[in-house]
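The values are calculated or read from the model by the stated rules, or taken from the named source; none is laboratory data. Remember, predicted model here, so these are calculated numbers, not experimental data. Methodologically, a virtual Cβ is constructed for each residue, glycine included, from the backbone with ideal geometry; neighbour enumeration extends over all protein chains shown. The area values use the complete protein model at the heavy-atom level, side chains included, leaving out ligands, DNA and RNA. Shrake-Rupley method; radii C 1.70, N 1.55, O 1.52, S 1.80 Å.
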Amino acid sequence: MIGVAGGSDSSFGDGLAAAARLIIADGRRALTDPELSDAEAVHEVRKALKRWRALLRLLARALGEQADQLRSEARELMRAIAGARDAQSALDALADLRKAEPPFSPTSTETIRTRLTEMRDSAEAKSCTRTMRDRLSRYLDYATLSLERWPLKAIDFDIVTDGLTSTYRRARQLVPDTWSEAEAEHLHDLRRRVVEHRHQMDLVEPLWPRLGKVWAEEAQRLRNQLGSCQDLAVLANFTTHHQPLAPWRSRLSPLIDARRNAHLKTAERLAGRLFAEKPKAFRRRIAALWSARQSRTH
């Protein structure tokens with residue numbers, strides 16, 4: 001994502017507009033690229049909408065009700081095209097288990113993989129329809145029109161700093177006191193906030209490129225660890241009574257638990273570093289970096 005603080009020849013508002021246009025363009029490209037499969041198109045559109053929602057939350061104070069409306073509509077669209085997500089998550093978790101140790105015979109593993117792949121393909125066929133693509137395209141058209149009316153040049157960086165701090169605070173508050181006892185839904189909520197924080201920090205990375213890059217990488221690593229935990233939780237759900245993987249429950253459960261614990265240990269270490277600062281200190285750091293940049297460019 002383009003940063004809003006780069007280039008001394010452009011204003012902060014210009015940077016915001018450029019970032020917004022890039023997100024919309026990426027969404028359109030995913031919908032129209034003939035080289036992308038339905039699964040790839042859905043994945044890329046969801047990525048663009050996550051970035052878009054992070055930007056809208058950053059601008060919530062400045063844009064008010066319109067930002068809330070656009071963010072809510074984007075969330076509904078993401079849910080509408082997420083039919084294949086659970087099956088893909090379970091497939092990712094199965095691949096993750098195989099990194100630690102082969103869970104079963106190659107034949108059993110292939111049977112599970114085939115069953116999950118069939119579920120995913122069926123869900124994709126139902127969600128990635130021409131009607132849904134048209135609906136997504138209309139939303140991007142509306143987002144483009146809305147963007148042109150936003151008073152971005154009048155937005156003060158303090159507003160963005162407040163938005164960054166708010167997201168940081170929300171994520172930090174969700175960091176578990178005892179990671180091993182954290183519920184899957186709680187970790188999922190934390191991951192969503194980390195994703196939002198990571199996308200927002202991309203916008204201001206040019207304020208301090210070296211540290212910003214490291215920060216983004218740490219946030220991405222935490223996101224990945226939490227995502228792996230979520231994938232394992234989905235796989236575990238598929239092994240419950242009357243679910244498609246119920247016959248393998250006794251063999252999968254201990255492997256899932258062991259792998260989850262390994263991811264949690266890494267996530268705890270990453271979160272401890274990423275959210276070490278209190279929100280007020282985080283805000284002061286961002287404000288100071290912006291002031292320093294302004295001093296250099298004037």
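Under the simplified labelling scheme, the residue 33-residue 292 pair shows an inter-label distance of 3.6 nm, with each label point 7 Å from Cα along Cα→Cβ. Per-residue ellipticity at 222 nm, computed for the chain from helices alone with -39500 (n - 2.57) per DSSP H run of at least four residues, works out to -26500 deg cm²/dmol. Ranked from largest to smallest solvent-accessible area, with a 1.4 Å probe on the protein heavy atoms, 274, 289, 211 come out as 211, 289, 274.
Rounded to the nearest 10 degrees, the angle from helix 130-149 to the longest Cα principal axis of the chain is 20 degrees.
On the accessible surface of the chain, probed at 1.4 Å, how many percent belong to carbon and sulfur atoms? Kindly include the intermediate steps, with their values, before the conclusion.
Working: 7260 of 15020 Å².
Carbon and sulfur together cover 48 percent of it.
Computed over the chain with a Gaussian network model linking Cα atoms closer than 10 Å, the most mobile of 260, 75, 172 is 75. Applying 1/(1 + (r/R0)^6) with R0 = 25 Å to the Cβ-Cβ distance of residue 111 and residue 188 gives a FRET efficiency near 0.35. Projected label points at residue 95 and residue 75, each 7 Å from Cα along the beta carbon direction, are separated by 2.9 nanometres. Each Cα pair under 8 Å and six or more residues apart adds its separation to the average, and for the chain the resulting relative contact order is 24 percent.
Take every Cα pair under 8 Å whose residues are at least 6 apart in sequence, average their separation, divide by the length of the stretch 131-247, and the relative contact order is 20 percent.
As an exercise, use a Förster radius of 22 Å and the Cβ-Cβ distance of residue 159 and residue 82 to find the FRET efficiency, rounded to the nearest 0.05.
On the way: r = 31 Å, r/R0 = 1.42.
Step by step, r from the Cβ atoms, then E = 0.10.
Counting only other residues whose beta carbon sits under 14 Å from that of residue 157, what net charge do I get with K and R as +1, D and E as -1? Each step should come with its number before you reach the end.
On the way: positive: 61, 153, 283, 284, 285, 293; negative: 14, 156, 158, 162.
Neighbourhood net charge equals +2.
Please get the size of the charge dipole for the chain, origin at its Cα centre, with Cβ charges of +1 on Lys and Arg and -1 on Asp and Glu, quoted in debye to the nearest 20.
Working: 51 positive and 40 negative charges, 141 e Å.
My answer is approximately 680 debye.
Counting heavy atoms of the protein chains alone, residue 119 has an accessible area of about 60 Å² for a 1.4 Å probe. Mind checking which of 16, 116, 245 has the largest fluctuation in a GNM of the chain, springs on alpha carbons under 10 Å? In the Gaussian network model the winner is 245.
I need the shape label for the stretch 54-131. Rule: rounded when a/c is under 1.5, else prolate if a/b > b/c, else oblate, with a, b, c from the alpha carbon gyration tensor.
Taking the square roots of the gyration eigenvalues as a ≥ b ≥ c, the stretch 54-131 is oblate.
When ligands, DNA and RNA are left out and all protein chains stay put, how many square angstrom of accessible area per residue does the chain have with a 1.4 Å probe?
On the way: 15020 Å² over 298 residues.
Result: 50 Å² per residue.
Between residue 147 and residue 118, full extension at 0.36 nm per residue minus the direct alpha carbon distance yields a gain of 6.4 nm. The stretch between residue 25 and residue 40 holds 3.8 nm of extra length on full extension. This uses 0.36 nm per residue minus the Cα-Cα distance.
Run the 1.4 Å probe and let me know the accessible area of residue 177, rounded to the nearest 10 Å². For residue 177, the solvent-accessible surface is approximately 150 Å². Which distance in Å, rounded to a whole number, links the C-alpha centroids of the stretch 115-192 and the stretch 224-272? Between the Cα centre of the stretch 115-192 and that of the stretch 224-272, the gap is 23 Å.
Excluding residue 121 itself, what net charge comes from residues whose Cβ is under 15 Å from its Cβ, given Lys and Arg +1 and Asp and Glu -1? Intermediate results must be reported in sequence, preceding the final value.
Details: positive: 85, 113, 115, 120, 126; negative: 38, 40, 86, 118, 124.
Taking every other residue near residue 121 into account, the sum is 0.
Note on Rg/Rh (Cα atoms, Kirkwood Rh): of the candidates (i) 1.00; (ii) 1.06; (iii) 0.93, the value calculated from this structure sits at (i). Which FRET efficiency value, to the nearest 0.05, is calculated for residue 277 and residue 257 with the Förster distance at 25 angstrom and r the Cβ-Cβ distance? The pair residue 277/residue 257 has a calculated efficiency of 0.15. When a/c reaches 1.5 or more, the comparison of a/b and b/c decides; with that in mind, is the stretch 42-189 rounded, prolate or oblate per its Cα gyration tensor? Verdict is oblate for the stretch 42-189. Comparing mean-square fluctuations of 32, 178, 167 from a GNM of the chain with C-alpha springs under 10 Å, the top value falls on 178. Once the Cα-Cα distance is subtracted from the 0.36 nm per residue extended length, the residue 224 to residue 242 segment shows a gain of 3.5 nm.
To the nearest 10 degrees, how steep is helix 184-204 against the longest Cα principal axis of the chain, on a 0 to 90 scale? Here the helix axis deviates by roughly 30 degrees. For the stretch 106-173, what does the alpha-carbon gyration tensor say about shape, rounded, prolate or oblate, given a ≥ b ≥ c as the root eigenvalues, a/c under 1.5 as rounded, and a/b over b/c as prolate? Cα axes put the stretch 106-173 in the oblate bin.
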